[in-house]
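Colleague: Sending over a structure as structure tokens; questions will come in a sec.
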Amino acid sequence: MTNDWPVCHVFLAQLNGQSYRCSAMLDDAAFDRLMDTLHWRMPYHLRAFHTSDSRWALENPVLKAAPVLPVYIDSLLSALPPQSMRLKDKRRQQTLAVRRKCGDYVLADTEDGYGRLYCVDGITSSLVTRLEAVPITLQEAGAYIDRYHRHNAGPKFHKFSLCLRVPGEPEPVGVAVAGIPKARHQMDGETLEINRCCTDPRYADVCSCLYARAIRIGRELGYRRFLTYTLPEESGSSLRAVGFQPDGVTKASRNGWNSPSRPRDTDRYPAGGKLRWVLYIQ
């Protein structure tokens with residue numbers, strides 16, 4: 001007797017406005033195994049094509065046009081997060097428990113039990129989880145800042161640097177560097193400047209957590225006044241969250257921090273005035 005049921009299955013994910021084809025075609029056994037892990041509830045943003053003709057799947061224009069998802073679908077649907085995590089869905093104003101995590105791809109729980117697939121981009125979604133503080137060298141901090149900071153290069157000197165990590169994840173989710181103030185008139189022996197803070201936007205509240213940790217360390221070292229600077233277009237919400245207050249705007253310089261005695265790459269040290277923030281500790 002001929003089996004008329006489809007024998008080839010292809011998953012297609014719809015993430016951040018883009019359709020992705022999920023790895024190769026699956027036979028019935030592989031498809032059933034994956035659906036068993038989902039209790040046969042297809043998550044939102046994920047669908048499956050079924051066919052008894054593998055050539056149709058290879059030539060289907062929808063499937064051919066879709067780029068391949070950079071993680072294997074079986075890993076995505078089976079890999080547990082390294083620890084308890086929640087996902088902030090900023091469009092839906094929801095916070096959901098993370099059921100599976102593979103790289104930037106997350107399967108989050110929904111009230112109806114089906115779950116929803118996400119690509120965490122730091123814009124429409126971000127992750128909330130426990131972070132651990134770890135000391136790092138200036139060279140390690142500088143390399144991270146050079147790679148990820150939007151407009152600044154890594155500093156040349158510091159008093160200390162620290163990073164935040166997700167336990168079980170290989171790379172930091174943010175670094176902070178603190179040192180003596182760059183402006184000579186701010187050097188009173190009791191002031192510490194947090195002159196770099198660079199974070200991964202895919203994780204929520206990292207910036208304010210880094211500032212809070214740096215202030216705690218600085219206080220233990222005897223500092224009672226803390227400075228940092230932002231560009232005028234930056235909101236400073238993370239600074240306000242830990243107690244910083246605006247303290248004026250620095251005078252704009254034609255060449256920014258660049259000078260004959262201390263040459264700087266003007267592309268990584270933006271010119272123009274900066275908003276100074278201050279925090280006093282009793």
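Colleague: Go through the stretch 17-75 and give me each residue that's aliphatic (A, V, I, L, M) and either under 24 Å from the mean Cα position of the chain (by Cα) or assigned to a strand (DSSP E or B) (or both).
Modeller: ALA24, MET25, LEU26, LEU46, ALA48, VAL68, LEU69, VAL71, ILE73
Colleague: Does any residue of the stretch 186-203 turn out to be at pLDDT 95 or above, buried (at least 22 other Cβ atoms within 10 Å of the Cβ), among the hydrophobic types (A, V, I, L, M, F, W, C) and touching a Lys or Arg at 6+ places or on another chain (Cβ under 9 Å)?
Modeller: Yes - at least one qualifying residue is present in the stretch 186-203.
Colleague: Consider SER52 against the criteria (1) modelled with pLDDT under 90; (2) surrounded by 14 or more Cβ atoms within 10 Å (Cβ to Cβ); (3) not charged (D, E, K, R): it satisfies all of them except one. Which criterion is unmet?
Modeller: (2)
Colleague: Considering only the stretch 156-167, I want to know if a residue exists there that is outside any strand (DSSP E or B), surrounded by fewer than 16 Cβ atoms within 10 Å (Cβ to Cβ) and in contact (Cβ under 8 Å) with a residue 60 or more places away in the chain.
Modeller: Yes.
Rundown of residues vs (1) of a type in the set (Val, Ile, Thr); (2) in the same structural domain as GLY142 (by TED's automatic domain parsing); (3) outside any loop (DSSP other than H, G, I, E, B), yes/no style:
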residue: GLU169; (1), (2), (3): no, yes, no
residue: PRO172; (1), (2), (3): no, yes, no
residue: ALA176; (1), (2), (3): no, yes, yes
residue: LYS182; (1), (2), (3): no, yes, no
residue: HIS185; (1), (2), (3): no, yes, yes
residue: GLY189; (1), (2), (3): no, yes, no
residue: ILE194; (1), (2), (3): yes, yes, yes
residue: CYS197; (1), (2), (3): no, yes, yes
residue: PRO201; (1), (2), (3): no, yes, no
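Colleague: State the number of residues belonging to the stretch 121-155 that are part of a strand (DSSP E or B) and over 28 Å from PRO232 (Cα atoms).
Modeller: Within the stretch 121-155, residues that are part of a strand (DSSP E or B) and over 28 Å from PRO232 (Cα atoms) number 5.
Colleague: Within the stretch 79-102, can you find the residues that are of a type outside the set (Lys, Arg) and either touching a residue at least 60 places away in the same chain (Cβ under 8 Å) or assigned to a strand (DSSP E or B) (or both)?
Modeller: PRO82, GLN83, MET85, LEU87, ASP89, GLN94, THR95, LEU96, ALA97, VAL98, CYS102
Colleague: Taking the stretch 103-120 on its own, how many of its residues are more than 21 Å from VAL206 (Cβ to Cβ) and either basic (Lys, Arg) or part of a strand (DSSP E or B) (or both)?
Modeller: 3
The values are calculated or read from the model by the stated rules, or taken from the named source; none is laboratory data. Since the model is a prediction, treat every value here as computed from it, not as a measurement. Every residue, glycine among them, receives a Cβ derived from its backbone with ideal geometry; neighbour counts consider all protein chains shown.
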